[in-house]
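First up is the structure itself, then whatever we jot down about it.
The values are calculated or read from the model by the stated rules, or taken from the named source; none is laboratory data. If you're wondering where the values come from, they're calculated on a predicted model, not measured in any experiment. A quick note on method: Cβ atoms are made from the backbone with ideal geometry, for glycine too, and the neighbour counts reach across all protein chains shown.
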Amino acid sequence: MSARNFRAFWSDSPLVTCKSRTTRLVEAIVCSKPHKYKDLCYDLTPLSYNELAAGPQFASRNRVGGLANVGLFANSGATCRRLSRSRTPRMSNIYSRIVGTGSYLPSRIVTNDELASTLDTSDAWIRTMTGIVQRRIAGDGESTAEMAAIASARALGNAGVNARDIDLIIVATITPDLVFPSTAALLQARLGARNVGAFDLSAACSGFMYGLALADGMIASGRLKTALVVGAETMSRLLDWKDRSTCVLFGDGAAAVVLVSAKNPGVRSVRMHADGSDPNVLCTPSQRSRYLHMDGGAVFRFAVRGLVEAGGEMLEANNITAASVDWLIPHQANLRIIESCARKLSIAKEKVVVTVDRHANTSAASIPLALDAAVTDGRVRTGDSVLLLSVGGGFTWAGGLITWA
Ligand code: ACO
C-alpha cells in the first residue's frame, strides 16, 4: 500500500481497521497508541506509521481524530471492524499443527543427594527452593546433536512422518556442539533428511517457542508443509560444578515436535519478546568465563513477570479466559516460579504440567519435554487448549496457544 492511498487517524478509541470492499486492503488504522500496537501496523508504509506515531498533534493539525472518521470512511465505501487490542490477524487460512512429539533424556541420573556428597548443599534445600529432585547428565557420546537426533526420530515416528518429507529444521539451543556447522545441519545428516534449510536458534530457554513461531509463520505463509522444531541442550557443559548456586538447577535433554500445514489450528498464535538491556543477570560470558552466571533473585522475579505477561497476552490475543485453558506448560526452571505464574494467571494447579522435578532446567528443551510427557501419558487430548509459556536468558520470553489436534 502506498502513502498516497492511505490515511492515518489518531483516536482515543480501541484499535479499528477499515477495509475497502473492493481491494480488501487495510486502508486506515485508528489508534491512540500506535507504538504499543506496532506489530499490528504491519500494513503501513513508514510515512503512515510516522503519522500515527505523531499522535494527537498530527490529528488536530490535519483536522482528523476520533471515531467520527470511521463513519467518514464508511460513507466513502469502506467497511470497518474492531480488532482485539493485541490480536495479530493471520494473513492466510493455513495453520500449522503439531502431529508428533518425541524426547530424549540421557541415562545418567544425578540425584540431589549425589550433588550433596561433593557440594555444600542438601536434598532438602534443592527440593524446597526449586522442586528439583534429579537431573540427567549427558555422557561422552551424548552430544547435543545426538540427543536431538534421537528425540527427532521419536517425534517423526509418533507423527508417522518420513524424515525425507521435512521441509525445514530448526534446533533451538545455547549449547551447540560446534560454533559451526550448526546442530541443525548435523541433525539433517543424522536424520537423512533432504537438503532443506536447517539452522540453530539462540534464545536461551525461549528458543523452542521462538522456533515454533518461525515454523508456524513459514507454514502459514504456504511456503512449506512440514517442519521439525527441536529444543536440545547439554547445559552440564556450561556449569561450574563447584558453584552450588547454579549447578544444582540445570540438566541435559532434547525434545522435538513435527509441525504440518492444516486447515484448522493447531497453533493459534505465538508471540516472542526480548529485552537485552541487562544481559549480565543471566549469561555465559565466554570472553571471561565459560560458565553460566546468574543473579538468582533477579532471574526469579523476571521469570514470574515474563511468564505472566506472556500468558496474559495469549489470553487476550485469543479472546479466551484462563478457565478455558486445559493445560499450562510453562518453562521448567523452578517449581516456585511455575506455581507463582499459575496463581497469577488464575490457572488451577491441576492443569499445570510439571516435569522440572525429573530433569531440572533443560533450557530450550524444557517446554517440548513437558509437552511430550503430557501427550505421552494421555493428559493432553484432542481439542484441548494448551498454553505454552517461556522465559529465558536475554531476557527472552514468549507465549503460544495451541488447540491439540
Ligand atoms: N544449597 C544450599 N544453599 C544454597 C544453594 C544450594 N544449592 N544455593 C544458594 N544457597 C544459599 C545462598 O548461598 C544463600 O545463603 P546465605 O543466606 O547464607 O547467603 C541462601 O541459600 C539464599 O540464597 P538466595 O540466592 O538468596 O536464594 P533465593 O531465594 O534467591 O533462591 C534460587 C535461589 C533457588 C536459585 C532462586 O533464586 C531461583 O530459582 N532463581 C531462578 C533461577 C532460574 O530459574 N534460572 C534459570 C532460569 S532462565 C534459564 O533457564 C536460562
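The single condition among (1) farther than 23 Å from Val133 by Cα; (2) within 13 Å of the ligand (Cβ to nearest atom); (3) surrounded by fewer than 22 Cβ atoms within 10 Å (Cβ to Cβ) that Lys242 does not meet is (1). Here Ser286 does not qualify as in the same structural domain as Val375 (by TED's automatic domain parsing), small (Gly, Ala, Ser), under 22 Å from Tyr95 (Cα atoms) and surrounded by fewer than 24 Cβ atoms within 10 Å (Cβ to Cβ). In the stretch 202-222, the count of residues that are farther than 30 Å from Arg127 by Cα, away from the ligand (no atom under 14 Å from the Cβ), of a type in the set (D, E, K, R) and in the same structural domain as Gly102 (by TED's automatic domain parsing) is one or more.
Gly231 fulfils the conditions (1) under 30 Å from Ser92 (Cα atoms); (2) away from the ligand (no atom under 15 Å from the Cβ) except for a single criterion, (2).
Got a number for residues in the stretch 246-275 being in contact with a strand residue (DSSP E or B) (Cβ under 9 Å, 6 or more places away or on another chain) and either within 16 Å of the ligand (Cβ to nearest atom) or outside the structural domain of Met147 (by TED's automatic domain parsing) (or both)? Give the steps one after another, and end with the answer.
Step one: list which residues in the stretch 246-275 are in contact with a strand residue (DSSP E or B) (Cβ under 9 Å, 6 or more places away or on another chain), which gives 246, 248-275.
Then drop every residue that is not either within 16 Å of the ligand (Cβ to nearest atom) or outside the structural domain of Met147 (by TED's automatic domain parsing) (or both), which leaves 246, 248-255, 272-275.
Number of matching residues: 13.
A residue that is among the hydroxyl-bearing types (Ser, Thr, Tyr), more than 14 Å from the ligand (Cβ to nearest atom) and over 25 Å from the mean Cα position of the chain (by Cα) can be found somewhere in the stretch 103-110.
For every residue, the table says whether it meets (1) in contact with a Lys or Arg (Cβ under 7 Å, 6 or more places away or on another chain); (2) closer than 25 Å to Ala145 by Cα; (3) away from the ligand (no atom under 12 Å from the Cβ).
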{"residue": "Leu328", "(1), (2), (3)": "yes, no, yes"}
{"residue": "Ile338", "(1), (2), (3)": "no, no, no"}
{"residue": "Asp357", "(1), (2), (3)": "no, yes, yes"}
{"residue": "Val380", "(1), (2), (3)": "no, no, yes"}
{"residue": "Gly383", "(1), (2), (3)": "no, no, yes"}
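Please find, among Gly306, Gly311, the residue that is crowded, with 21+ Cβ neighbours inside 10 Å and away from the ligand (no atom under 16 Å from the Cβ). None of the other options fit; the residue is Gly311.
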